[in-house]
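*Asks:* Below are the structure tokens for one structure; questions will follow.
The values are calculated or read from the model by the stated rules, or taken from the named source; none is laboratory data. None of the values given here were measured: they were computed from a predicted structure. As a convention, Cβ positions derive from the backbone with ideal geometry for all residues, glycine included, and neighbour counts pool all protein chains shown. Only protein heavy atoms, including side chains, enter the accessible area calculation; ligands, DNA and RNA are left aside. Shrake-Rupley method; radii C 1.70, N 1.55, O 1.52, S 1.80 Å.
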Amino acid sequence: MKSAFLAKVSHELRTAIQRILGFGELLDSAPLSEAHRGWLAALRSHGDIMLRLVNDLIDLGALQSGAFRLEPRPVGLRPLVEECAAALRPAASAKGLLLQTEFSPDLPLWVRVDGVRLRQILLNLLNNAVKFTPVGRVAFLVRPQGNGQIEFVIADTGPGIPPALRPRLFQPFARLDPAAGGGSGLGLALVQGLCGVMGGTVHLADGGGEGATFVVRLPLADNRAP
């Protein structure tokens, strides 16, 4: 009953938010003062945040109920990874962080995967790394592991995650640092759920030093034909 209620309410909320954002798009073409344009930008920004939260709730509900469906197809692996890094590079630059990407030379050019969901996994982890790293860098490494496995490693130079908090790391709505603001506590739970439904894993590696290192391993078959 709880899952059904959450799914129903989330879909209703998404419809309402999409309509609000639609009216915001209409206002964008209207003659507005500078102050009004600032208000409109704020409306759209907060509306996007609400829409992402509702979409996360819908995805989490589908994962928990077993109703989640993937849509795998041939995807260029390196362009997808570079697109994810490019999306977070402005936020990293604004904080003075270096966002580095490194690709193993023997990566397959094409893999068969649900590209939307792979982006969702990588963007969640990259966003967390940038958000919780005050100085230094974020490193993003992609390499094959044999048997059709691809490993994605996202490491930062932030404060890391204390051992006492690690058991809660992938629990829904668990916010490890409420003082940081933003976040609903759904991101890592979604990452774990998506990795699981894709036949892979995600874990926090023991880096032995500062920062946090997340490792995602997914079975992505080499698909050379686009």
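*Asks:* Using the structure shown, decide if R52 is under 30 Å from F23 (Cα atoms), assigned to a helix (DSSP H, G or I) and not aliphatic (A, V, I, L, M).
*Replies:* Numbers: under 30 Å from F23 (Cα atoms): yes; assigned to a helix (DSSP H, G or I): yes; not aliphatic (A, V, I, L, M): yes.
So R52 fits the description; yes.
*Asks:* Right, R14: surrounded by fewer than 16 Cβ atoms within 10 Å (Cβ to Cβ) and under 26 Å from L194 (Cβ atoms) or not?
*Replies:* Working: surrounded by fewer than 16 Cβ atoms within 10 Å (Cβ to Cβ): no; under 26 Å from L194 (Cβ atoms): yes.
No, not satisfied.
*Asks:* Report, by residue number, each residue of the stretch 126-159 that is out of contact with any helix residue (DSSP H, G or I) (no Cβ under 8 Å at 6 or more places or on another chain) and in a strand (DSSP E or B).
*Replies:* If the condition is that a residue be out of contact with any helix residue (DSSP H, G or I) (no Cβ under 8 Å at 6 or more places or on another chain) and in a strand (DSSP E or B), then R137, A139, L141, R143, P144, Q145, G146, Q149, E151, V153 are the ones that fit.
*Asks:* List every residue pair whose Cβ atoms sit under 9 Å apart, with the two residues 6 or more apart in sequence or on different chains, where the first one lies in the stretch 118-137 and is of a type in the set (S, T, Y) and the second, anywhere, is assigned to a helix (DSSP H, G or I) and modelled with pLDDT under 95.
*Replies:* Close Cβ pairs satisfying both conditions: T133/A92.
*Asks:* Do we have any residue at all in the stretch 105-125 that's among the small types (G, A, S), part of a helix (DSSP H, G or I) and open to solvent by 60 Å² or more (accessible area, probe 1.4 Å)? Reasoning before the result, please.
*Replies:* Initial filter on the stretch 105-125 (among the small types (G, A, S)): 115.
Going one step further and asking which of them are part of a helix (DSSP H, G or I), we end up with 115.
Checking the rest, the ones that are also open to solvent by 60 Å² or more (accessible area, probe 1.4 Å) come to none.
No, that holds for no residue.
*Asks:* Looking for something more than 29 Å from E71 (Cα to Cα), hydrophobic (A, V, I, L, M, F, W, C), modelled with pLDDT of 90 or more and surrounded by fewer than 21 Cβ atoms within 10 Å (Cβ to Cβ) - is there at least one such residue anywhere in the stretch 165-176?
*Replies:* no
*Asks:* Anything in the stretch 88-103 that is touching a strand residue (DSSP E or B) at 6+ places or on another chain (Cβ under 6 Å) and open to solvent by 30 Å² or more (accessible area, probe 1.4 Å)? List them, or say none.
*Replies:* R89, L98, Q100, T101, E102, F103
*Asks:* Among the residues of the stretch 58-87, count how many are at pLDDT below 90, open to solvent by less than 50 Å² (accessible area, probe 1.4 Å) and not in a loop (DSSP other than H, G, I, E, B).
*Replies:* Qualifying residue count for the region: 6.
*Asks:* Is it the case that the stretch 41-54 has a residue that's under 30 Å from A139 (Cα atoms), surrounded by 12 or more Cβ atoms within 10 Å (Cβ to Cβ), of a type in the set (V, I, T) and in contact with a strand residue (DSSP E or B) (Cβ under 8 Å, 6 or more places away or on another chain)?
*Replies:* no
*Asks:* Which ones in the stretch 199-217 are farther than 16 Å from Q145 by Cα and surrounded by 15 or more Cβ atoms within 10 Å (Cβ to Cβ)?
*Replies:* Scanning the stretch 199-217 gives L204, G211, A212, T213.
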